[in-house]
Each structure stands twice: as C-alpha cells, then as structure tokens.
Amino acid sequence: MKRVAIWLLTALMALLLVAVALITHTSHFKPMRLDWFYTRVFAVFALDSPEMLSSMRILPGWLDFYSGELDDASPENASRQMARLKEDLATLDSYDRSGLDRDGKLSYDTLRYFMKIQADGEPYQYHAFPVNQMAGIQSTLPDFMVQVHQVESRGEAENYITRLQRFPQKFDQVLATLRVSESKGIVPPRFTVEKVLKQMNEFVATPTQLNPLYTSMRDKLLKVADLDDAARAKLLEKTDAALNDRVYPAYRNMIAHFTALQSRATENNGAWSLPDGDEYYAWAVRMHTTTNMTPQQVHRLGLAEVARVGAEMDAILKEQGLAEGSIGKRVQQLAARPEQQYANTEEGRKAMLAHYQSILDEVNQGLGAAFEVRPKLGVQVQAVPAASQESAPGAYYMPGAFDGSRPGIFYANMRAPGETPKFAMRTLAYHEGIPGHHFQIQIAQELQGVPFFRKVIPFTAYQEGWALYAERLASELGFEKTPLDNLGRLRDEMMRATRLVVDSGIHYKHWTREQAIAYMMDNTGMSEGDVTAEVERYFVAPGQALAYKVGMLKILALREQAREELGGKFDLKQFHNEVLMHGALPLTVLERVVNEWVAQRKRA
C-alpha cells in the first residue's frame, strides 16, 4: 500500500508539474492551441477591467477579487494595452488559419478584424474626449455604481465604499490623459466644456445624502437581510464620508481643470480641426462601419437615403392633411397634438413606461414566425437616471448579467415625455428591446461552444444595424398598427439617414453645429432638444452614428439577396439564425457567413 501511495503521489506531482508548465507556457509564450490563445487574450483583457467583470458577472461570488477596484484610465495603461494588442495580433497571425474548420475561421477572422482595426487607430489614441456631455466619466462612473455594482452582502457594501474612495485616483488618471491630449492640441468643443461643467457643478451642489450614490446605497442595504439597523447606519455613515472626503473633491479637481480649459475651447469644430483630423475621421468611419467606405461615400449614401425615406414620410403626412412646409415641421405639428403626448408629470412618466413595457410584451409573444431562437433572459423598462437625463439619448439598452442576476434593461429618457410622441414609441421599443438589442446581445451572451470573446466582442455596425433592421422587421410582421406608427418608424429611419449626412458633414465637410441642427430639424421632425443632444453626440464620437444605417442596409441587402437566390428554400427563421447565432461580426465577415449559408441551402 505504501508503494502504491508513493506511485500515486508521484503521478499527481507529475500531472501538477505538467499543468504548471502548460499554464506558464500559455501565459508567457505562444499557446500550443489557438483556443488557449483566445482564452488568454480575453482573460488578460477581463482581468484588466474590474468594472467589466462587475457588469458581466461571469465569475462566482467566491472569486470576487475585483469589486473594490476601478479600471485604470491612465495614459500609461493605455500604452500598455496597445502594446499588448499589437503583440497579440502578431501571435494570432502566426497560427495557421488554413487548417481551421468553418467556425474556427469565423473566430479567427472576427478577432483579427477587431485587433487590426484597433491597432490601426494607434495614432489617434488621444483624439477621444473621455470627459464629454454624453458619456464622460463624470456621469458614467456614478451610473456604473448605481446600476451595476450590486450590494447583496456586507462585503459587497464595503467594496462599494472602497470604489467610492478610489474616485480621486480614477479622476486623476483621466486628468493625466486629458493633459496629454491637450498638449497635442486636442481640445473638446466649447459646448462640451460648458455642459460638462454644468453637470459636475450640479453634482457637487447636491447634498451628499441626496446624491444618487448615497440613496442607491441606502436602498440596496435595505435588501441585505443579514444586516441590522446599526450595521446599515454605520455603512451609510462611511458612504457619506467617502462622498464628502473623496468623491466630491475629485469632482472639484475636474471642475477646476475644465474651468481653466474654457479659455482654449472657443470653437465647436469637428474632427477635421484636430491634428491629422481627416485621417482620424477616415479611420473612425472604417472602424465603426466595418467597411472600407470613405467619408465622401457615406455622405452621398446619406443624401440618397434622406430623399428616399422623405418621400415615404411625405405621402403619410399628406394623408394626415399636412402638405405645407418641411417634413420636419409637419412631423412636429403632428407630434404636438394632445393625443400624441404624455403629460410631463409623474403620472405621465409612469404611464409612458408602462406603455413601453406593454409594447415589448406584445411583440415578444408574436414573433414565432420569424425567430427560432430567443434569449432566456428577459427585458425590463426603466427611466434613465435623473442625473443623466439632460444629455442622455432618448433611449438606450444595458445588457443583462451573465449570471442572470440582472435582466436586460431598456432605459427610456423621461426628461420631457412629449419629446417622444406616442406614434414613435413602438419603433423605439423594437430597437432597444425586442427584437432589437435585447435579442441580439442576449442571444450572443448565451452562445455555447464558442470562444468567450465571441459572446461580448463589440462591432457597432452589426449591433446597431441589427437594431435598426429590427424596427423594419417589426413593421413587416404587422406590429406597426397604424399609418402613424409607420410614420414613427420612418421618422427614426430618417434620423439614421440624416446621421450619415450630418456626421460626415461635421467631421469631413466642416459643417457647424448650428448647420447640423438645422438639417436634422428640417428632415426628421424630432424635437429641438433631441436634435441638439444628437448633434452634440456626433461631435464627441466621430463615426459612431454612421453604423446604424450602414449596418441595417447590409443586413437587409443580404436578406433580399438570399431570398432571391433561394426562392422557395428561403426561410426567415434560418436567416435570422445565421445573423444572430455567431455573435457580433464585422459586416464583411457577416456577408461571408450568409453567402455560405445560401450556398449550403442551394445544395440541400
């Protein structure tokens, strides 16, 4: 027995040494297997982002080593990440792609595209504006704490407080990045500086115990069963102290920086005004659309789409007795009718949110003819947090947690319910919820048998293209009940068409902010508040707004091409499987996937 025990111990030690050797090799050298390389790439990326780990919740609770940390936003870490990206790209290129099967090539090509386009953007690392009126750290970090950081135990509450105490460190890292950008002549637009200052001054003017960072903690603690009143009071006292001693001073330092910056931020110009601005914008167009389109091609496509969609809107408006004036003016007249407005009251907001939820419930029950696969996780409608309403878009989607602890959430902006007329609500719900972002993102998260990066990798043209395609699909399936509902769909499609014109106009053709606002007002019928927020969004995120229409047109073209080539063999459910069941893809890769499916169906 003693000899057997020695043999077993020796065997276990040998296995342990082999495992250690494999882990060491995989961690520091080219992994022996490509799927090990994929795992390493994602693991290193995830470990570098504690905020992403909190958002996804892919690790069990006993492995929570990250909930007291925030992401490193320093210039030094950005440089390290870029160097690692380029090394990983070189390693990926060293593998033999030719021996992979179809799905293996799909993973390879998807990751390579993502890495390559990011590496191509290295010269423009400091062209972004990490503090902006739409999604700057001054609003996204508090939103992260309120919406994502869960507090279901004393330990998680302590981690919440620790993260609050780390605000100064994170803000200092962002300030260091801003100083590098400004040293290169990269300064945000004047309106961005003004609006960011307004947001931050309002934040620190709020008494700490009325701040959402405090009230959220208070509400979360009430749901922690194993805490008594004294323990809750102590944790809230520490939260208040963290806000007073750490969070508010961090904001005041950022306020001081932006106050000083006002003397330099005197213009509202697009990317063309930045160093190498034309090259930067051309890269942003390629990156966001996952195509080789040029800014000029984008602009021409936009003008054509505005004309096409405008003709359809004009016909409906004339049927409604509105024949005079621009399309935008006539849509506004229609939207202002009392029967199209929810009251700007608490009751009106609640009724509007309830209507959104009923729209989602209805469409979810009626998609059997178009979808074979659906996400397991549900979607809820919630109001955009009050502190973010002024500069936030009309709506957005936040994915559910991987562990199922948080559903997908469709956030609707309640700053002024009348900004979204009732006839536009269906389209917005289909885009952000079902069958739009919720279907696409959650189905991707629930994929089995693929490298993990395929569940989360972002390609804007695919994701936003699908959501815009979903609006059209819902209409085709009969969920737009009236001509006015269809007008709402066309109004939003027109907004995406004008984005092609306006984004390229601002960043390529030197349009002014006022010129862009006037163009959207004339063509969309959106409220001035919504249009202003949209245009100012384009200034701080060049190229992102192009992805919607470019992606939608590609998916629609692939569907119609498949329908024409397959005839009676075309199956809408199977087409949607091919689009959705591989995760987000560059449009060039998606086209290959659909073409291969068509060829396979032809042979069947």
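A few points about this structure:
- Of everything listed in (1) aromatic (Phe, Trp, Tyr); (2) in a helix (DSSP H, G or I); (3) more than 24 Å from Phe371 (Cβ to Cβ), the single unmet condition for Trp511 is (2).
- Within segment 62-90, tally of residues that are assigned to a helix (DSSP H, G or I) and in contact with a helix residue (DSSP H, G or I) (Cβ under 9 Å, 6 or more places away or on another chain): 11
- Residues that are aromatic (Phe, Trp, Tyr) and more than 28 Å from Gly529 (Cα to Cα) within segment 144-201 comprise Tyr160, Phe167, Phe171, listed in sequence order.
- Qualifying residue in segment 348-359 (condition: among the charged types (D, E, K, R) and either modelled with pLDDT of 90 or more or not assigned by TED's automatic domain parsing to the domain that holds Gln440 (or both)): yes
- Residues of segment 541-565 that turn out to be surrounded by fewer than 22 Cβ atoms within 10 Å (Cβ to Cβ) and within 30 Å of Glu390 (Cα to Cα), as a count: 2
- Restricting Val151, Val187, Val174 to those that are among the β-branched types (Val, Ile, Thr), at negative phi and either without any contact (Cβ under 8 Å) to a residue 60 or more places away in the chain or in a helix (DSSP H, G or I) (or both) reduces the list to Val174.
- Screening the candidates Glu182, Glu152, Glu158 for the property of being at pLDDT below 95, over 28 Å from Val41 (Cβ atoms), of a type outside the set (S, T, N, Q) and surrounded by fewer than 19 Cβ atoms within 10 Å (Cβ to Cβ) yields one hit, Glu152.
- Condition check for Gly408: in contact with a Phe, Trp or Tyr (Cβ under 6 Å, 6 or more places away or on another chain), at negative phi and in contact (Cβ under 8 Å) with a residue 24 or more places away in the chain: no
- Residues in segment 582-604 that are of a type in the set (A, V, I, L, M, F, W, C) and surrounded by fewer than 16 Cβ atoms within 10 Å (Cβ to Cβ): Ala599, Ala604.
Each row is one residue, and each column tells you yes or no for (1) in the same structural domain as Glu476 (by TED's automatic domain parsing); (2) touching a Ser or Thr at 6+ places or on another chain (Cβ under 8 Å); (3) at pLDDT below 95.
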| residue | (1), (2), (3) |
| --- | --- |
| Met293 | yes, no, no |
| Val298 | yes, yes, no |
| Arg308 | yes, no, no |
| Ala311 | yes, no, no |
| Leu317 | yes, no, no |
| Ala335 | yes, yes, yes |
| Ala343 | yes, no, yes |
| Glu362 | yes, no, no |
| Arg374 | yes, no, yes |
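- Hits in segment 444-466 (condition: under 25 Å from Gln365 (Cβ atoms) and surrounded by 24 or more Cβ atoms within 10 Å (Cβ to Cβ)): Trp466
- Number of the condition not met by His299 [criteria: (1) in a helix (DSSP H, G or I); (2) loosely packed, with under 15 Cβ neighbours inside 10 Å; (3) not hydrophobic (A, V, I, L, M, F, W, C)]: (2)
- Only residues that are over 30 Å from Phe167 (Cβ atoms) and buried (at least 20 other Cβ atoms within 10 Å of the Cβ) were counted in segment 109-138, giving 3.
- Sole exception among (1) among the charged types (D, E, K, R); (2) touching a residue at least 12 places away in the same chain (Cβ under 8 Å); (3) outside the structural domain of Tyr66 (by TED's automatic domain parsing) for Arg84, by number: (3)
- Per-region count, segment 419-474, residues more than 23 Å from Gln340 (Cβ to Cβ), in contact (Cβ under 8 Å) with a residue 12 or more places away in the chain and among the polar types (S, T, N, Q): 5
- The residue that is surrounded by the most Cβ atoms within 10 Å (Cβ to Cβ), among those in segment 374-408 that are in contact with a Gly (Cβ under 8 Å, 6 or more places away or on another chain) and hydrophobic (A, V, I, L, M, F, W, C), is Val379.
- Subset of segment 205-224 that is of a type in the set (D, E, K, R) and over 28 Å from the mean Cα position of the chain (by Cα) - its residue that is farthest from Val146 (Cα to Cα): Lys223
The values are calculated or read from the model by the stated rules, or taken from the named source; none is laboratory data. No experiment lies behind these values; they were computed from the predicted model shown. Here Cβ is always computed from backbone atoms with ideal geometry, including for glycine, and neighbour counts include all displayed protein chains.
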